[in-house]
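Written below as structure tokens is the structure these notes are about.
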Amino acid sequence: MESGAPDKPPQVTQAKDGGDSRSNGGDEEEEEPPDELVCPISGQIFEDPVITDDGHTYERALIEDWFRRGTRNSPLTNKPLPSTTLRPNIVLRGIIEAWHKKSKAKKT
């Protein structure tokens, strides 16, 4: 960390219409995903969700970058993590795949 100050947990900003600032990849017709399917760091639907030791789920590339920068606290709670071990969140990945299929089926 360049400034020496600890990183703060990320914030998902709220849009004026009450939604949040995440996008749906340019597909204006796609239904807004439930919050549980969205990474708290990026505000985007998970592609490779992983679980940290405190039980929270993040996008793999983003939490790995978080750790690479020397941060060992949880992005959500800012509490120290006992390790940087990441476990794939296979259940959530399946739920996301099912949500994508259901969302696409509604369009047709």
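Brief remarks follow.
- Matching residues in segment 61-71 - criterion: being surrounded by 14 or more Cβ atoms within 10 Å (Cβ to Cβ) and farther than 21 Å from residue 47 by Cβ: 71
- Pairing residues of segment 91-105 that are among the basic types (Lys, Arg) with residues that are open to solvent by 90 Å² or more (accessible area, probe 1.4 Å), at Cβ distances under 9 Å and at least 6 apart in sequence or on separate chains, gives 93/47.
- For segment 82-96, a residue qualifies if it is more than 11 Å from residue 56 (Cα to Cα) and assigned to a loop (DSSP other than H, G, I, E, B), and the qualifying residues are 82, 83, 84, 85.
- Here residue 78 clears all of (1) open to solvent by 90 Å² or more (accessible area, probe 1.4 Å); (2) more than 15 Å from residue 45 (Cβ to Cβ) except the condition numbered (1).
- Filtered residues of segment 83-99 (kept if more than 21 Å from residue 70 (Cα to Cα) and either open to solvent by less than 60 Å² (accessible area, probe 1.4 Å) or of a type in the set (Lys, Arg) (or both)): 89, 92, 93, 94, 96, 98, 99
The values are calculated or read from the model by the stated rules, or taken from the named source; none is laboratory data. Being a predicted model, the structure only gives us computed values, none of them experimental. Cβ: placed from backbone, ideal geometry, glycine included. Neighbour counts: every protein chain shown. The area values use the complete protein model at the heavy-atom level, side chains included, leaving out ligands, DNA and RNA. Shrake-Rupley method; radii C 1.70, N 1.55, O 1.52, S 1.80 Å.
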